[in-house]
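Report on the following structure.
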Amino acid sequence: MENFNQIESDILNKIKNVSDHNALDSVKTEIFGKKGVITELFNKIRSLDQSQRKEYASKLNELKTKVTEILEKKLVDFDQSEINKKLKNEKIDITLPGRTYFAGKIHPVSQVIDEVTSIFSEIGFSVEEGPDVENEYYNFSALNTPKNHPSRDMQDTFYLDHSKDLLLRTHTSPVQIRTMLKSKPPFKIIAPGRTYRCDSDQTHSPMFHQLEGLHIDKNINMGHLKGCLYYFVKKFFEVEKVKIRFRPSYFPFTEPSAEVDIGYKIQDGKIKIGEGDKWLEILGCGMVHPSVLKNVKVNPKQYQGYAFGVGIDRLAMLKYGINDLRAFFESDIRWLEFYGFDPLDVPTNYRGLSR
Ligand code: PHE
């Protein structure tokens with residue numbers, strides 16, 4: 001009769017030395033596979049004497065049960081250690097600080113463009129846009145600006161080519177021309193956008209922003225211009241009373257022309273609009289010159305109206321108490337964090353200097 005003890009210890013040794021799942025599988029085949037050790041031992045039963053069979057079979061069964069148990073235990077051990085390994089590797093350290101994220105802020109210029117656009121939309125103005133790179137005709141000639149006008153000078157204008165045909169628009173007024181050429185009167189539009197001049201100090205930057213306004217219809221006079229501007233300034237600064245000063249001025253494309261200043265004072269470090277004896281120029285305006293209307297094939301005997309160009313950056317400085325225009329364009333994230341607006345917060349109150 002086979003030495004079952006010897007077989008058992010051989011098998012158990014083999015199992016003991018196994019170190020992973022795959023090796024265990026092949027040891028299992030070596031034992032229980034078609035040609036496995038224990039399978040062959042079972043096959044032998046048939047060839048045994050009746051007298052030996054009983055003892056042999058019972059020893060063999062014992063062996064089988066023992067080996068099966070040990071194999072199963074080994075399998076469970078492997079599974080367990082694999083799970084433990086995974087748990088260890090994939091451990092999430094919940095004590096780590098979370099990833100910080102920065103919510104974006106709305107730049108004061110974008111904020112003011114939104115505010116101004118919505119105020120004018122309420123009284124029937126629609127929004128137009130034009131390109132930053134303009135040609136000489138739209139920026140100057142069509143606006144009745146003669147060749148010798150100082151604003152055409154290299155000192156004032158960024159030209160993009162030697163022929164002086166392409167330039168960075170010096171104002172949003174070319175959008176007046178583009179709008180009137182593309183359809184028929186009446187016109188009632190505003191056009192916000194970037195504008196460029198060779199200029200840089202505390203209140204001037206080479207790139208700045210304007211809002212153009214144009215209202216042309218059959219019976220529009222200077223009273224409408226004043227009414228519209230008073231309405232706008234009161235709404236924008238959220239005040240009942242404003243001090244506005246119309247100063248006679250000159251623009252080639254309006255007649256008569258005026259510049260508009262707004263009265264303010266500084267009180268307890270805060271800026272107060274509509275009171276005091278300080279003035280800040282915020283816009284140029286006037287009645288559209290008949291020559292301009294002729295240039296865009298509008299009959300000045302039938303149609304007339306007003307136009308204005310507001311400095312958007314100036315409005316933002318006044319309303320939100322920002323005193324250096326250049327900071328608007330320095331892209332300093334700390335500045336934006338301080339002066340910028342929460343995208344979901346609709347401002348209702350004036351904030352003043354001392355935020
Ligand atoms: N375009 C003028 C400027 O930039 C402003 C203006 C616009 C004046 C419309 C009159 C009418 O200074």
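The values are calculated or read from the model by the stated rules, or taken from the named source; none is laboratory data. Since the model is a prediction, treat every value here as computed from it, not as a measurement. For neighbour counting, all protein chains shown are included, and Cβ atoms are generated from backbone atoms with ideal geometry for every residue, glycine included. For the accessible areas, the whole protein counts, side chains as well, though only heavy atoms, and no ligand, DNA or RNA atoms are used. Shrake-Rupley method; radii C 1.70, N 1.55, O 1.52, S 1.80 Å.
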Taking only protein heavy atoms and a 1.4 Å probe, the highest-to-lowest accessible-area order of His204, His289 is His204, His289
Placing +1 on each Lys and Arg Cβ and -1 on each Asp and Glu Cβ in region 4-89, then taking the dipole about the Cα centre, the residue among Asn43, Gln6, Thr29 whose Cα reaches farthest towards the positive end is Asn43
Descending packing, highest mean Cβ count within 10 Å first, for 91-100, 123-132 is 123-132, 91-100
Here FRET efficiency (C-beta to C-beta, Lys91 to Glu30, R₀ 41 Å, nearest 0.05) is 0.65
Here, Trp279 and Met154, labelled 7 Å along Cα→Cβ, have an inter-label distance in nm of 3.6 nm
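May I ask which of Lys243/Lys278; Lys105/Lys272; Lys226/Lys294; Lys182/Lys235 have a Cα-Cα span longer than 20 Å here? Don't skip to the end; give the middle numbers.
Details: Lys243/Lys278 10 Å; Lys105/Lys272 25 Å; Lys226/Lys294 24 Å; Lys182/Lys235 31 Å.
Check vs 20 Å cut-off fails for Lys105/Lys272; Lys226/Lys294; Lys182/Lys235.
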A correct Karplus calculation of ³J(HN,Hα) over region 58-66, with 6.51 cos²θ - 1.76 cosθ + 1.60, θ = phi - 60°, whole Hz and x for Gly and Pro, returns 6, 5, 4, 4, 4, 4, 4, 4, 5
Row for region 4-89, column shape: gyration tensor on C-alpha, a ≥ b ≥ c, rounded if a/c < 1.5 i.e. under 1.5, prolate if a/b over b/c, else oblate; value prolate
Ranking Arg247, Arg314 from most to least accessible area with a 1.4 Å probe gives Arg247, Arg314
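Under a 1.4 angstrom probe, counting protein chains only, how are Leu280, Leu344 ranked by accessible area, largest first?
Working: Leu280 40, Leu344 160 Å².
Ranking Leu280, Leu344 by accessible area, largest first, yields Leu344, Leu280.
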Distance in Å, no decimals, from the C-alpha centre of region 132-157 to the one of region 27-87 is 99 Å
Inter-part gap, Cα centre of region 233-294 to Cα centre of region 306-324, in whole angstrom, is 10 Å
Classified through the alpha carbon gyration tensor (a ≥ b ≥ c as square roots of its eigenvalues; rounded if a/c is under 1.5, else prolate when a/b is larger than b/c, else oblate), the chain comes out prolate
Amide H neighbours of Lys278 at under 5 Å, excluding residues fewer than 5 places away on the same chain, with H built from the backbone geometry, are Tyr264
At R0 = 35 Å the Cβ-Cβ FRET efficiency linking Arg326 and Arg245, nearest 0.05, sits at 0.85
A student asked for the Cα radius of gyration and Dmax of region 3-160 in angstrom ought to give 44.8, 132
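Sum -39500 (n - 2.57) across every DSSP H segment of at least 4 residues in the chain, then divide by the residue count to get the 222 nm mean residue ellipticity, nearest 500.
Numbers: 11 runs with 140 residues, N = 355.
After summing the helix terms and dividing by the residues of the chain, the value is -12500 deg cm²/dmol.
Is the C-alpha gyration tensor of region 166-296 telling us rounded, prolate or oblate? Criteria: a/c under 1.5 is rounded; beyond that, a/b larger than b/c is prolate, otherwise oblate.
Taking the square roots of the gyration eigenvalues as a ≥ b ≥ c, region 166-296 is oblate.
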Karplus-derived 3J(HN,Hα) from phi for region 329-341 (6.51 cos²θ - 1.76 cosθ + 1.60, θ = phi - 60°), whole Hz, x at Gly and Pro, runs 10, 8, 6, 8, 4, 5, 5, 5, 4, 7, 9, x, 10
